[in-house]
1. Just one of Ala36, Ala3 is in contact with a helix residue (DSSP H, G or I) (Cβ under 7 Å, 6 or more places away or on another chain), on the phi < 0 side of the Ramachandran plot and surrounded by 21 or more Cβ atoms within 10 Å (Cβ to Cβ); which is it?
2. Taking the condition of being buried (at least 22 other Cβ atoms within 10 Å of the Cβ) and in contact with a Ser or Thr (Cβ under 9 Å, 6 or more places away or on another chain), how many residues in segment 128-146 meet it?
3. Filter segment 47-65 down to the residues that are surrounded by fewer than 16 Cβ atoms within 10 Å (Cβ to Cβ) and modelled with pLDDT of 95 or more and list them by number.
4. Name every residue in segment 21-47 that is farther than 20 Å from Leu87 by Cβ and acidic (Asp, Glu), in order of residue number.
5. Scan the strands (runs of 3 or more DSSP E) fully inside segment 5-69 and keep the ones with 1 or more residues being without any contact (Cβ under 8 Å) to a residue 12 or more places away in the chain.
6. Just for strands (runs of 3 or more DSSP E) wholly inside segment 116-175: which have at least 2 residues that are closer than 19 Å to Arg76 by Cβ and not small (Gly, Ala, Ser)?
7. Across segment 306-329, what is the number of residues that are within 17 Å of the chain's Cα centre (by Cα) and either crowded, with 20+ Cβ neighbours inside 10 Å or not in a strand (DSSP E or B) (or both)?
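The values are calculated or read from the model by the stated rules, or taken from the named source; none is laboratory data. Note that the structure is predicted; figures quoted are calculated from it, not measured. Here the Cβ positions follow ideal geometry from the backbone for every residue, glycine too, while neighbour counts run over all protein chains shown.
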Amino acid sequence: MRAMVLYQFSSPLQMADLPDPQAGPDEVVVKVRACAPDMLDVKTRAGQSNVTLPRVLGHEIAGEIVEAGATVKNDRIGDRVAVYDYLNCGACEFCWNGRETLCRNNRGIVGLAIDGGFADYLKVPGRNVLPIPPDVSDEAATTLVSPVSTSLHALRERARVTPGDYLLIVGAAGGVGIHMVQMAQLFGARVVGADVSDEKNEKVKKYGAEAVVNTTERPFDPSFDEAVMDSTGGMGVKAAIDLYGSSESLAACYRCLDTGGTLVRIGSRVGDRLEINPEALTMKEVILTGCRYNTKEEFHKSLELVRAGKIEPVVSFSFPLSEVNEVLDQIEQNKVFGRGACIL
């Protein structure tokens, strides 16, 4: 099979001819139809993820089951599926209680711990595939794996936004961000979106943001704070979700919180830290928390929202397997709006 393989950090992925995977007793082999790259793939290529080489990257995957192991019960050859990223045990208290992202025995992520979706085929445990109905395309299904369902998890479980709340989203035009802008409308939130250009921010407004901030013109300094405060009538935001995750962006989000506000960290940069004035933890009772992916229940709920037309999967372009490196470069340079999908 064809595969784009990372053999050396800080180097391009290379096209290789690898043996087709064979399913073990509890595994399925999936013919990959679409795989969406994101910032995790960029970080992994740069050597900023916990991964052994060589490795086939790619973790937002949709495809079709072509082989199922003897003990796989619910999945059949020919089923269209999306791949759930986290290699969970299915047996600890977190898995049993529907909080799979906190699994005590998590073996890692597809595309890091095992080979991922930038290949004609991949194999995963049978518990890691989720059905896709006929009316949802492969490209749209790649957004359900993380961007849409992570947005639901972040807003419902971590930020806990309520109608009328001001919500700051840093990285609002990215793959997760533009779906979070849409999801926030369903919660009744008033979105202040922040991204790197006026062109991107105009699209953020199209998808429902009430106000936008250009982070190139107003980097994460007092001018950024002023723009956010002006957008909220001087009150600040009830929740800030940082999809960029630098020391500067996290600190700016923290400064922009209203009393009782919540800062949710999703994006990350290696080595970055959040330095805060701890007095606000007491006097303003602000909350600092994180968001780790999403649950299978949230995948299914997100699927319902997409099928009902309440969330639009934003896949702005598609490309062949041979162009993965070029698209990773574009993501690294903040040139991609929404998601792109590699079509196999």
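1. On inspection, the qualifying residue turns out to be Ala36.
2. Within segment 128-146, residues that are buried (at least 22 other Cβ atoms within 10 Å of the Cβ) and in contact with a Ser or Thr (Cβ under 9 Å, 6 or more places away or on another chain) number 2.
3. Listed by number, the residues that qualify are Leu53, Pro54.
4. None; the set is empty.
5. Counting at least 1 such residues, we get 14-17.
6. Working: elements: 121-125, 129-131, 166-170.
Counting at least 2 such residues, we get 121-125, 129-131.
7. Result for segment 306-329: 8.
For (1) farther than 22 Å from Arg156 by Cβ; (2) in contact with a Lys or Arg (Cβ under 9 Å, 6 or more places away or on another chain), each residue gets a yes or a no:
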position	(1), (2)
Val192	no, no
Asp198	yes, no
Val204	no, no
Glu217	yes, no
Met235	yes, no
Glu248	yes, no
Leu257	no, yes
